[in-house]
Amino acid sequence: MTQVPLLDLSALHAELGDELASAALRVLGSERVLLGPELAAFEQAWAAQVGAAHGVGVGNGLDALALGLRAFDVGPGDEVLVPAHTFIATWLAVVHVGATPVPVDVSDRTGLWDADAVGAAVGPRTRAMIPVHLYGHPVDLDPLLAIARRHGLVVLDDAAQAHGARYRGRPVGGLCDATTWSFYPGKNLGAVGDGGAVTTSDPAVADRLRSLRNYGSTEKYVHDEIGWNSRLDELQAALLSVKLRRLDEHNARRAVVAERYAHALGDCGLTLPGTAPWARHAWHQYVVRTPHRDALHDHLAALGVQTVIHYPVPPHHQGAFATLLTHGELPVAEALAREVLSLPMGPHLSEQEQVHVIDSIRSFRP
Ligand SMILES: *Cc1c(COP(=O)(O)O)cnc(C)c1O
């Protein structure tokens, strides 16, 4: 039986195998394996790609968020607005710097933040907000930035799923005070292991991040503040530089896949993902919504089609946050947790595989 994975990473690594191998050998034959020329080159290339002045590589996307908050001195006593529908890392970072996450529900139509709800949630202790470009669709940032300006809030956007997304013609990554990235292997730009980065156009914030990621040190054995050890190593930086050269082409292939789904699934009773007229979607995931989600998942699994739920339990119902929070009703996040399903998506999903996914969905009877 045809087996279609959610994402075919081995096909990506096969396509780039020779280039990845020679990048890895270059690092093995070099003097530096940490904080060296591969990292500097990747940081520069990544910042340029996303329209920011500076890029700072860190250990992973969670650390990018936590270090990003620390770089703006967000900490104990501060509240940070976070979407109710996101991967849990967005919330964890807030707790890791000693601040309190305050969830704001998302729009039922887009699954993303809508400025009215965010504006209504700003209180006297609010210091920052973290818009999340979930699944690769950019959040409508201009109204959020206006709210932030009015209240003096930091805007740190979580772009872990949005490599290559554009907002009103400009790339995500240089639009807010700072933008955080994950290079987890399954992201649109992924390392062969963990990795992350923060991009910003504020040179003081970039310097602060370089210190925070390296033991609070700018000079060896001089420690001016409480830092972390969270560095993007030379090997991952070299591999990421190879993959970065293909990002635009791979995202274009994702868009073709999304187009085919939209064309073939319009009359199946599923709610398909939309794209705002001002947005370029990065199509990290192709997420459909249906009240028959679990049955559809099982039907597809029986036909060899792997689908995943992003995410089955919202952060406010996770044990990790059981004692920490008081929160109001978050009905959209809860409905999404019951109804979303991510279909196979990626630059190496063949047309033939996709036809099997589509036929399998079309044969579903709830
Ligand atoms: C993947 C992800 C993160 C965390 O990245 P890691 O590199 O796995 O730590 C944060 N936020 C979102 C929205 C993500 O999808």
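The values are calculated or read from the model by the stated rules, or taken from the named source; none is laboratory data. In this text, all values refer to a predicted model and were calculated from it rather than measured experimentally. When we count neighbours, we look across all protein chains shown, and the Cβ atoms used for this are built from the backbone with ideal geometry, even at glycine. In case anyone asks, the SASA skips ligands and DNA or RNA and just uses the protein heavy atoms, side chains included. Shrake-Rupley method; radii C 1.70, N 1.55, O 1.52, S 1.80 Å.
In a GNM of the chain with a 10 Å cut-off on Cα contacts, which of TYR221, TYR184, TYR311 has the highest mean-square fluctuation?
Among TYR221, TYR184, TYR311, the largest mean-square fluctuation in the Gaussian network model of the chain belongs to TYR221.
If you average the sequence gap of Cα pairs under 8 Å that are 6 or more apart and divide by the length of the stretch 9-244, what percent do you get for the contact order?
Averaging sequence separation for qualifying contacts and normalising by length gives 27 percent for the stretch 9-244.
Using a 1.4 Å probe on the protein heavy atoms, what percent of the accessible area of the chain belongs to carbon and sulfur?
Heavy-atom surface of the chain belonging to carbon and sulfur, 1.4 Å probe: 53 percent.
Just HIS223, HIS310, HIS356 to compare: in a GNM of the chain, with alpha carbon springs under 10 Å, which one fluctuates most?
Checking each option, the largest mean-square fluctuation is seen for HIS223.
Just the number please: accessible area per residue for the stretch 1-101, 1.4 Å probe, all protein chains included, in Å².
I get 42 Å² per residue for this part.
Could you give the accessible area per residue of the stretch 247-362, probe 1.4 Å, as a whole number in Å²?
46 Å²
Identify the trypsin sites (Lys or Arg not before Pro) of the stretch 66-145 meeting these criteria: DSSP loop state and at most 13 other C-beta atoms within 10 Å of the C-beta.
Taking the stretch 66-145 and a limit of 13 other Cβ atoms within 10 Å, the loop trypsin sites (Lys or Arg not before Pro) found are ARG109, ARG125.
In debye, nearest 20: dipole of the stretch 1-68 around its Cα centre with unit charges on the Cβ of K, R (+) and D, E (-)?
The dipole magnitude comes to about 140 debye.
On full extension of the chain, what length is gained from SER363 through THR271, given 0.36 nm per residue of separation minus the C-alpha to C-alpha distance?
Here the segment from SER363 to THR271 would lengthen by 31.4 nm.
Semi-axes of the equivalent ellipsoid for the stretch 247-362, please: Cα gyration tensor eigenvalues, times 5, square-rooted, ordered largest first, whole Å.
Working from the Cα gyration tensor, I get semi-axes of 28, 18, 13 Å.
Would you give the gap between the C-alpha center of the stretch 179-197 and the C-alpha center of the stretch 98-161, rounded to a whole Å?
After rounding, the separation between the Cα centres reads 22 Å.
Work out the length of the dipole vector of the stretch 263-355 about its Cα centre, built from +1 on the beta-carbon of each Lys and Arg and -1 on the beta-carbon of each Asp and Glu, and round it to the nearest 20 debye.
Taking the Cα centre of the stretch 263-355 as origin, the dipole is about 200 debye.
Using a basic spin-label model with each label point 7 Å from the Cα along Cα→Cβ, how many nm lie between ALA14 and GLN44?
Going by the 7 Å Cα→Cβ label model, 3.6 nm.
Highest first, please rank the peptides 253-265, 52-64 by the mean number of other Cβ atoms sitting within 10 Å of their residues.
52-64, 253-265
Limiting things to C-alpha atoms, what are the Rg and the maximum Cα-Cα separation (Dmax) for the chain, in angstroms?
20.5, 66
Nearest 500 deg cm²/dmol is fine: what mean residue ellipticity at 222 nm does the chain get from its DSSP H runs of n ≥ 4 alone, each adding -39,500 (n - 2.57), divided by its residue count?
Taking each H run of at least 4 residues, the total per residue is -11500 deg cm²/dmol.
Using a Gaussian network model of the chain whose springs link C-alpha atoms within less than 10 Å, name the residue from GLY36, GLY346, GLY190 with the highest mean-square fluctuation.
GLY36
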